[in-house]
1. Would you kindly state how much longer the chain becomes between Asp83 and Val176 on full extension, computed as 0.36 nm times their sequence separation minus their alpha carbon distance, in nm to one decimal?
2. When the chain is treated as a GNM, springs tying every alpha-carbon pair under 10 Å, which of Asp147, Asp25, Asp123 comes out with the largest mean-square fluctuation?
3. Can you pull the percent of the chain's accessible area that's carbon plus sulfur, 1.4 Å probe, other chains left in place?
4. Accessible area per residue, 1.4 Å probe, Å², for segment 29-107: what's the number?
5. For Rg and Dmax of the Cα atoms in Å, the listed values are (1) 15.6, 46; (2) 17.9, 57; (3) 17.6, 68; which was obtained by calculation from the structure presented?
6. Using 7 Å Cα-to-Cβ label points, what is the Arg183/Asp67 separation (nm, one decimal)?
7. Over segment 23-121, what number does the Rg to Rh ratio reach, with both radii from the alpha-carbon atoms and Rh per Kirkwood?
8. Round to the nearest 0.05 the FRET efficiency obtained for Ser30 and Ala154 when R0 = 30 Å and r is the Cβ-Cβ distance.
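The values are calculated or read from the model by the stated rules, or taken from the named source; none is laboratory data. The model shown is predicted, which means the values in this text are computed figures rather than measured ones. Neighbour counts run over all protein chains shown; Cβ positions are idealised from the backbone, glycine included. Keep in mind that these areas ignore ligands, DNA and RNA; they rest on the heavy atoms of the full protein, side chains included. Shrake-Rupley method; radii C 1.70, N 1.55, O 1.52, S 1.80 Å.
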Amino acid sequence: MAIEMTVPSISWMARKIPEGQTDYDWIPESSSDLFDGKRVVLFALPGAFTPTCSSTHLPGYETKYEDILEQDVDEVYCLSVNDSFVMNAWFSSLGIESVKPIADGNGHFTRHMGMLVKKEAVDFGYRSQRYSMVIDNGRVEMIFVEDGKEDNFAGDPFNVSDSESMLNYLTTIRDVRRDELSRATDAENPTDS
């Protein structure tokens with residue numbers, strides 16, 4: 001039996017440079033701003049400036065960004081339970097230009113997704129479990145969660161939420177998805193013969 005899962009309806013403040021301005025300002029954002037009417041990839045990780053997140057996870061999605069968009073995806077987001085200043089500094093330090101940051105500083109999105117875990121053993125406090133997902137118009141189409149989703153898990157598995165696994169999933173289902181969408185459109189708009 002399939003379970004319908006939707007992303008939580010959350011609002012947060014992002015530190016961005018508004019169009020037409022030259023300096024950062026606080027910009028309100030919400031889940032609906034980012035996900036309604038769009039198909040996006042979101043990957044979440046334990047923290048900015050941490051080893052696996054900085055060496056592989058975020059750079060991998062940056063490298064595969066265009067390939068992912070070619071699979072009928074509108075945008076790619078990286079979420080972490082860090083504040084917007086930290087996320088912006090981290091993206092800048094790595095030269096990230098395509099993937100967009102989501103600073104879930106209060107952990108509200110992460111908590112409502114059921115992905116907030118304690119990382120007290122390494123003095124991180126509450127952080128996100130490492131995972132990736134495809135969101136289609138606010139509905140979770142597919143989610144890949146790393147092993148060890150529990151408080152103070154000792155390891156840092158990185159096997160299923162990487163950019164290559166995501167791209168494999170997207171390319172595998174692309175044509176089937178396109179056929180389904182075409183059939184649904186044809187059923188909604190039958191032509192007279």
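1. Details: separation 93, 0.36 × 93 = 33.48 nm, distance 3.87 nm.
Extra length from Asp83 to Val176 when fully extended: 29.6 nm.
2. Asp123
3. Numbers: 5020 of 10370 Å².
Looking at the chain in its full context, I get 48 percent from C and S.
4. Result: 37 Å² per residue.
5. Derived directly from the coordinates: (3).
6. The answer from the label model is 2.9 nm.
7. 0.95
8. Numbers: r = 35 Å, r/R0 = 1.18.
E(calc), rounded to 0.05, equals 0.25.
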